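Take a look at the structure set out below.
The values are calculated or read from the model by the stated rules, or taken from the named source; none is laboratory data. Predicted model, so just to flag it, every value in this text is computed and none were measured. All Cβ positions, even for glycine, are placed from backbone atoms using ideal geometry, and neighbour counts span all protein chains on display.
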Amino acid sequence: MRTYSMGCLFAIPNVANPTPVPIASLKSCKVGVKQGKAVFRGNQLDVIDVGNKARDWSVDIQHADFRGSVLQLVATGGVKVAGGILPAIGEQQTIAAAAFTVSQSAVFTEDGGVLDLTAGKFLQRVASAPAVGQYSGPVAGVYTCNATDNGHVVLATYSYTPASPVGETTTVSNAIQSQSVPFKLRVYNPWVVNGSTRLVGLDFPSVHFEEIDLDFKVEDFAAQNLKGFASQDMIGTTLVTARYWSSEIG
């Protein structure tokens with residue numbers, strides 16, 4: 001049995017009317033099974049008897065498309081609201097009349113710094129009465145500068161909250177430790193042989209996600225690494241830990 005490429009993977013939260021969380025642009029999903037062994041050898045060199053100890057099922061997922069719902073697989077209990085804060089990175093403006101106003105001034109949220117291209121340096125923010133190379137504010141997206149810097153071209157970085165909500169914001173607050181939330185997890189790897197679709201698949205009734213790594217990269221594709229482990233069925237009433245499907249016969 002030889003397979004090529006990855007199929008699909010999605011998680012189903014343990015709630016009423018659950019919305020599945022598809023893991024988009026899946027790069028890989030490694031499932032590991034580790035069966036611990038207890039050995040007995042007495043006073044002899046070689047093992048005489050072997051017993052089974054604890055068993056661990058691990059899931060290691062790499063994917064390229066980020067979804068906020070994937071982050072919530074690990075950081076559970078967040079409160080979601082519509083909308084979010086967006087960045088304006090390096091917006092070009094020209095200082096005139098000792099000030100400049102950014103384009104998103106009506107929904108301005110937070111200053112992120114100003115680079116003076118003409119002077120070749122970052123401006124220093126002060127409380128009021130800015131000197132040369134300084135600015136104050138901004139108030140409602142209006143930056144106050146020194147009149148000596150009039151005509152200088154600057155790049156302003158700031159954040160703003162769009163008037164029309166874009167996406168959603170999830171706030172995760174510190175909370176009392178509690179029981180982990182399990183997710184159903186389905187992993188499939190279909191392939192075609194002589195026009196017939198064959199399948200390798202794993203079904204985990206209860207997976208607990210414990211780690212996610214988020215990449216923020218420049219000049220490269222960002223990837224997310226999601227890790228978890230399987231337990232016996234905590235959603236249903238069975239003792240099942242995993243089911244395995246294969247088109248291989250025998």
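Structural remarks
- Some residue of segment 15-27 being surrounded by 10 or more Cβ atoms within 10 Å (Cβ to Cβ), in contact (Cβ under 8 Å) with a residue 12 or more places away in the chain, under 21 Å from VAL172 (Cβ atoms) and under 18 Å from the mean Cα position of the chain (by Cα): yes
- Within segment 187-237, being under 23 Å from the mean Cα position of the chain (by Cα), part of a loop (DSSP other than H, G, I, E, B) and over 21 Å from VAL74 (Cβ atoms) holds for VAL218, GLU219, ASP220, PHE221.
- Residue that is under 30 Å from GLN134 (Cα atoms) and either part of a loop (DSSP other than H, G, I, E, B) or at pLDDT 95 or above (or both), where the choices are GLY112, GLY51: GLY112
- Total residues in segment 205-247, condition more than 20 Å from VAL31 (Cα to Cα), among the aliphatic types (A, V, I, L, M) and without any contact (Cβ under 8 Å) to a residue 24 or more places away in the chain: 1
- Among the criteria (1) modelled with pLDDT under 95; (2) touching a Phe, Trp or Tyr at 6+ places or on another chain (Cβ under 8 Å), the one ALA163 does not fulfil is (2).
- The sole residue among VAL50, VAL70, VAL126 that is closer than 30 Å to LEU202 by Cβ and over 33 Å from the mean Cα position of the chain (by Cα) is VAL50.
- Meets criteria (over 28 Å from ALA223 (Cα atoms), in the same structural domain as ASP149 (by TED's automatic domain parsing) and aliphatic (A, V, I, L, M)) for VAL107: yes
- Within segment 65-85, being out of contact with any Phe, Trp or Tyr (no Cβ under 6 Å at 6 or more places or on another chain) and of a type in the set (A, V, I, L, M, F, W, C) holds for PHE66, VAL70, LEU71, ALA75, VAL79, VAL81, ALA82, ILE85.
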